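Student: The following block contains the structure, expressed as structure tokens.
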């Protein structure tokens, strides 16, 4: 090859006087260390490719050096099912709900190759519950060959910080074999899809129930009002479960500091438990409520409506003490009255469950 490897150490020993050892020295005048063989294997692999030994007969009829280098090449294949362990000498912090890239020790590969890092089964993994290793493909570059470390991404799905001890088993590592397809063919199925346009006519007959008897309007104006309501019928609530959702401007609750407000829940009488469960399940199903593990908590207050149905209110008084007050003054009454000058008809709108329609 004509290659010169610098900085390779050698060992000088005393000349032997034993006839047997002298004969062995004649047969084997020198011993090449593993450091040189590994260096030769890495050089050949980087210049000729990882499969350079496949074209050489690695047996008694082939060159001796090929048989020796094949042993070190098999060393890379031994990476299969090998574990990757957390590098370093100090514990590593995994913040809550984060993904951190850490360095992990692996068996030093002989040449450039692709390594697949996979998590272990839950039973054989020594990681805490809620901590997972991401599947990733890592290229074994010169830095990996020299240091024997690869980057591994670890997730912490817990609700608290986790410390990982050094040499913790993060997963297993495999050598990836790149398979190239010769003249790959891809079959494409083409199906003809016919779309028929459906036409729906909107008329007054299929309109929702409208009670317009109390309006002092002519027949022409009454028909115009009905047409307007039918045109925007999706805006109006048809029943108590039909509510909208406005996320055009999500509201934020800004506080003076980040110290959570947590108030114990109030006692609910046993004869109201079932009614409260039905109430919560209903709004969970409609998507108004969602389960939360927040460190903030305010007590619920049960209130009876005029029709004796249940209304669930929240006591936010302790939270209100820490909120930053908005500065949105109400308009002046005289200005509002002046804006109505020349108007003939007036209407009022009331949001159905208005607080449930605003995204926070």
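The values are calculated or read from the model by the stated rules, or taken from the named source; none is laboratory data. Model, not experiment: these values are computed from the prediction. Cβ atoms come from the backbone with ideal geometry, glycine included; neighbour counts cover every protein chain shown.
Student: What's the total number of residues in the stretch 293-311 that are farther than 17 Å from residue 252 by Cα, without any contact (Cβ under 8 Å) to a residue 40 or more places away in the chain and out of contact with any helix residue (DSSP H, G or I) (no Cβ under 6 Å at 6 or more places or on another chain)?
Tutor: The number of residues fulfilling the criteria is 12.
Student: Just to be sure before I move on: is residue 251 part of a loop (DSSP other than H, G, I, E, B), in contact (Cβ under 8 Å) with a residue 40 or more places away in the chain and either touching a strand residue (DSSP E or B) at 6+ places or on another chain (Cβ under 8 Å) or outside the structural domain of residue 309 (by TED's automatic domain parsing) (or both) in the structure I sent?
Tutor: yes
Student: Now for a separate question. Looking for something in contact with a helix residue (DSSP H, G or I) (Cβ under 7 Å, 6 or more places away or on another chain) and not in a loop (DSSP other than H, G, I, E, B) - is there at least one such residue anywhere in the stretch 257-280?
Tutor: no
Student: On to the next question. Do we have residue 289 as surrounded by 12 or more Cβ atoms within 10 Å (Cβ to Cβ), outside any loop (DSSP other than H, G, I, E, B) and not assigned by TED's automatic domain parsing to the domain that holds residue 160 here?
Tutor: no
Student: Let me ask another. So if I check each of 229, 170, 181, 222, which one is outside the structural domain of residue 283 (by TED's automatic domain parsing), out of contact with any helix residue (DSSP H, G or I) (no Cβ under 7 Å at 6 or more places or on another chain), modelled with pLDDT of 80 or more and not in a helix (DSSP H, G or I)?
Tutor: After ruling out the rest, the residue left standing is 170.
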